[in-house]
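Here, each number is a calculation from the coordinates, and none is a lab measurement. All values reported here derive from a predicted model rather than from experimental measurement. Cβ sites come from the backbone with ideal geometry, for glycine too, and all protein chains shown count toward neighbours.
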Ligand SMILES: *[C@@H]1O[C@H](CO)[C@@H](O)[C@H](O)[C@H]1NC(C)=O
């Protein structure tokens, strides 16, 4: 009888810890058209999680997924043309956060800022305000910040270097804003991405580029989901 009870308690504990491990994690992909329109790297990322048996996720945001060739969990916060500095000047993020209540934010932003010649300092100041808003929404927010993909649009010869300058400044900024309760993890989506072959227009990932962006997020996102 005692052995039976011990066994039942053991099974109950195992189920409880399983339940805990599988509680749903709400993930917001925040960015511009690279993230939202269509942002098929999110579809590939979602499928990669499914294939690995990581199904306790819900992608959230005020925008619907777009067609990427298969059904996936597509809600997102990828607003075409948006600047980080614009999100902050219009105070848009608090409303998006309160509608979607994410546990994890994965942010790929700055492309349109550098295109509009915003300085790294101005962009990182905007990132800082956004991090404060994320923590106001959830004190334990897990924040993944991309070192963004390289760009080579035909109308901006300087943009390639501006992206490098922004990406170079991100780690020190992130470390200065980091807390144990709400960790910021820098995700390198720049290395290995070639705008000549991984985009059609110098900016937006094609199929090859989408796979690379899915791959750069995957490991850090899995850590955030399991952590
Ligand atoms: C922030 O701290 C976490 C540990 O809490 C660490 O994993 C992460 O790399 C740190 N981020 C930065 C940018 O230093």
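Some notes on this structure:
- Pair residue 24, residue 175: separation of 7 Å Cα→Cβ label points (nm): 3.9 nm
- For segment 101-148, the relative contact order is 69 percent, taking Cα pairs closer than 8 Å that sit 6 or more residues apart in sequence and dividing their mean separation by the residue count.
- Euclidean distance between Cα centres, segment 44-77 to segment 107-184, Å: 23 Å
- Three-way shape label, segment 61-143, alpha-carbon gyration tensor, a/c 1.5: oblate
- Nitroxide proxy distance, nm - points 7 Å out along Cα→Cβ at residue 138 and residue 208: 3.6 nm
- Residue of 140, 78, 209 that the Gaussian network model of the chain assigns the largest fluctuation, springs spanning Cα pairs under 10 Å: 140
- Proxy reagent accessibility, fewest Cβ within 10 Å first, across 113, 188: 188, 113
- Fraction of antiparallel bridges per DSSP, segment 76-227 only, in percent to nearest 5: 10 percent
- Oblate is the label for segment 118-227, because the ratio a/c of its alpha-carbon gyration tensor axes (a ≥ b ≥ c) is 1.5 or higher and a/b is not greater than b/c.
- Compactness index (Cα Rg / 2.2 N^0.38 Å), the chain: 1.10
- With neighbour counts taken as other beta-carbon atoms within 10 Å, the residues 222, 114, 25 rank, fewest first, as 222, 25, 114.
- Sorted by Cβ neighbour density within 10 Å, fewest at the top, the residues 124, 45, 63: 63, 124, 45
- Rough spin-label spacing in nm, given labels placed 7 Å along Cα→Cβ, for residue 215 and residue 50: 2.1 nm
- Value of relative contact order over the chain, rounded to a whole percent, pairs C-alpha under 8 Å and six or more apart: 20 percent
- Prolate/oblate/rounded call for segment 163-224, Cα gyration tensor, a/c under 1.5 rounded: oblate
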